[in-house]
Amino acid sequence: MEKGSESKKKPLLTSRQMGLIAAFGGAAFAFRALGIAIPLVPPLVMDPGALMPCLAGMAGGPLVGAIVGIARGIPSGLPAVDLWAQPIKGIYWAYVWKYIILRVKDTKKRWLFFAFMTWFLQFFVEAPMFIAANAFIYKIYPFYPTWPFTLGWYSGIVYPLFQFAVFAAMVKAFPGLFGWDTGKAPW
């Protein structure tokens, strides 16, 4: 092979992505391991650490979101649920962010759409995913289809408001990190 004809392989993760994993993964792990959360009706809490895989996916892509999700699941009290569900959150938020939310060109409409998608994904994707996992793995909920009635107030109102407040604060504080200013995901 001639000198200089070797093609350089693209790394699996860039240094930016590794930094995002360290920052968001460390925060996700620390929030869970230290039990930093706002308690509600037991066993429900508002936990900022649970949002780290989503934010990491938005800022760094699906692999970054998945790795941060694993970091979030390691110290979990329910590892059989969190070790697969948290990475899934990081992956789907990355794609929703890049291919749906950032496609809205008008930033005022994008904020409204972002708020709607946060609510929609919390109520129709995340809540059913976690509740079903807890129902079928840990047998915590005896009858899964009752979740909109028993936990609807939490997964339909309280948690999406908390989630959007944290997401919006992060995006507003660091628009370049998330590609908000350009309308293009930085990964």
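Amide hydrogen proximity for residue 45: with H placed 1.01 Å from N in the peptide plane, the residues at 5 or more positions away or on another chain lying under 5 Å are 40. Between 121, 112, 63, the residue with the greatest mean-square fluctuation in the GNM of the chain (Cα pairs under 10 Å linked by springs) is 112. Ranking 160, 185, 136 by how far each Cα lies toward the positive end of the dipole of the chain (charges on Cβ) leaves 185 at the top. Going by accessible surface with a 1.4 Å probe and the largest first, 99, 159, 138, 92 read 99, 138, 92, 159. For the range 37-134, the dipole from Cβ point charges (+1 on Lys and Arg, -1 on Asp and Glu) about the Cα centre works out to 500 debye, to the nearest 20. Positive-end ranking of 31, 55, 15 along the dipole of the chain, with charges on Cβ about the Cα centre, is headed by 15. With +1 on each Lys and Arg Cβ and -1 on each Asp and Glu Cβ, and nothing else charged, work out how big the dipole of the chain is about its Cα centre, in Debye to the nearest 20. For this selection, approximately 540 debye. Heavy-atom accessible surface of residue 146, to the nearest 10 Å², is about 50 Å², with a 1.4 Å probe and all protein chains retained. Solvent-accessible area per residue in the range 70-177 equals 51 Å², computed with a 1.4 angstrom probe and all protein chains kept. Solvent-accessible area assigned to carbon and sulfur over the chain amounts to 71 percent, based on a 1.4 Å probe.
For the range 15-177, what is the relative contact order in percent, using Cα pairs closer than 8 Å and at least 6 residues apart in sequence? 18 percent.
Over all other residues within a Cβ to Cβ distance under 12 Å of residue 73, the charged ones net out to +2, with Lys and Arg as +1 and Asp and Glu as -1. Spatial offset of the range 111-187 relative to the range 38-61 amounts to 9 Å, using the alpha carbon center of each.
Excluding residue 85 itself, what net charge comes from residues whose Cβ is under 11 Å from its Cβ, given Lys and Arg +1 and Asp and Glu -1?
Details: positive: 72, 89; negative: 82, 126.
Net of charged neighbours comes to 0.
The length gained by stretching the chain between residue 10 and residue 169 to full extension, at 0.36 nm per residue less their Cα-Cα distance, is 54.0 nm.
The values are calculated or read from the model by the stated rules, or taken from the named source; none is laboratory data. Note that the structure is a prediction, hence the values are computed from the model and not measured. Cβ sites come from the backbone with ideal geometry, for glycine too, and all protein chains shown count toward neighbours. For accessibility, only protein heavy atoms count, side chains too; no ligands or nucleic acids. Shrake-Rupley method; radii C 1.70, N 1.55, O 1.52, S 1.80 Å.
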